[in-house]
1. Could you give the semi-axes, largest first, of the ellipsoid that matches the chain, computed as the square roots of 5 times the alpha carbon gyration tensor eigenvalues and rounded to whole Å?
2. With the Cα gyration tensor of the stretch 52-156 giving a ≥ b ≥ c as the square roots of its eigenvalues, does the rule (a/c under 1.5 for rounded; else a/b larger than b/c for prolate; else oblate) give rounded, prolate or oblate?
3. Test of the criteria: in the stretch 130-217, which trypsin sites (Lys or Arg not before Pro) are in a DSSP loop and have at most 12 other Cβ atoms within 10 angstrom of their Cβ?
4. Using a probe of 1.4 angstrom, how much of the accessible area of the chain is carbon and sulfur, in percent?
5. Excluding LEU125 itself, calculate the net charge of residues whose Cβ lies under 14 Å from the Cβ of LEU125, where each Lys or Arg counts +1 and each Asp or Glu counts -1.
6. Could you give me the percent of Cα pairs per 5 Å distance bin for the stretch 179-259, shortest bin first, beginning at zero and ending with the bin that holds the maximum distance?
7. Quick query: amide H of VAL110 versus all other amide H atoms, modeled in the peptide plane; which residues come in under 5 Å with a sequence gap of 5 or more or a different chain?
8. I'd like the FRET efficiency for LEU255 and VAL151, computed as 1/(1 + (r/R0)^6) with the beta carbon distance as r and R0 of 30 Å, rounded to 0.05.
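The values are calculated or read from the model by the stated rules, or taken from the named source; none is laboratory data. All values reported here derive from a predicted model rather than from experimental measurement. Cβ placement follows ideal geometry from the backbone for every residue including glycine, while neighbour counts extend to all protein chains displayed. What goes into the accessible areas is simple: the full protein's heavy atoms, side chains included, and nothing from ligands, DNA or RNA. Shrake-Rupley method; radii C 1.70, N 1.55, O 1.52, S 1.80 Å.
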Amino acid sequence: MSRAIGVIGVTGQVGRLLTEEIPKAGAALSGGTLGRDKAKSAPAGVALFDDVGALADRSDAMIDFTHAETIVPYAKQVRAHKAAWIVGASGLQKPQWDALRFAAETVPVVYAPNFAATGILMPGLVQTLARLLPAADYDVEILETHHRHKVDAPSGTATAMGRLICETRGLDFDEVAVLGRDGETGARKPGAVGFGSIRAGEIVGETSIYFMSDDETVILGRRVFDRRVYAEGAVQAALWAIGRKPGLYAMKDVLAKSR
């Protein structure tokens, strides 16, 4: 029996790609819901549902690249059904994380700020550099660049990398993160992790992490040219999640258990 995957926000940039990638992976596209812009039309032939609950009734898994603000209301609908929930929204705060955990009590939930397989390599590399290049000697700045349509800053990927650096160095992210600078900010504080965001054009995504000492700079960077890598990774996660026990999973779990 073919596994059925639905798309929450089927009119979005990744949502449209998902309607192509799901059949390519040998799964059935069960349908989708419209995104926030109701004026956009869905791809031809895609069955539309009024809400997430109705889509869940026809799906084994649902992929959601909509927006952080929809996670809390969607979690309640997801929890009441059986479909796995694959979430790629960025800019999550405590209420959204609580909502994901709430849904994960009854269904498998896979969350990732970046579903590209190569994006999973970054955390290990970041941890290694953060451990070998201590805060006392190396300042950290994270610069991320995304398209003009992105609504949150810093990006979820950049924030995740910053939190990982702080965890590795034994620092409290909320105390040392500098999410933006303006005016007379004073000298840099010890252990600070600074963020810079660029929003322009149709740049899919770039993240550069700078470890800077008085004598050298080490730069770890990654650039994405096509959103399709996110869609392919999300479909892989959806197929993996179908039939799993309830719980909150990450893309590293998908890759580790898919080999």
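1. 35, 19, 17
2. Numbers: a/c = 2.46, a/b = 2.09, b/c = 1.18.
It comes out prolate by the Cα gyration axes.
3. For trypsin sites (Lys or Arg not before Pro) across the stretch 130-217 that sit outside H, G, I, E and B with at most 12 neighbouring Cβ atoms in 10 Å, the list reads ARG148, ARG181, ARG188.
4. 51
5. Here the charged neighbours net out to +3.
6. All Cα pairs, binned at 5 Å, distribute as 3, 9, 14, 14, 14, 14, 13, 10, 6, 3, 1 percent.
7. Excluding prolines and chain starts, which carry no amide H, the hits are TRP85, ILE86, VAL87, TYR249.
8. Result of the calculation: an efficiency of 0.60.
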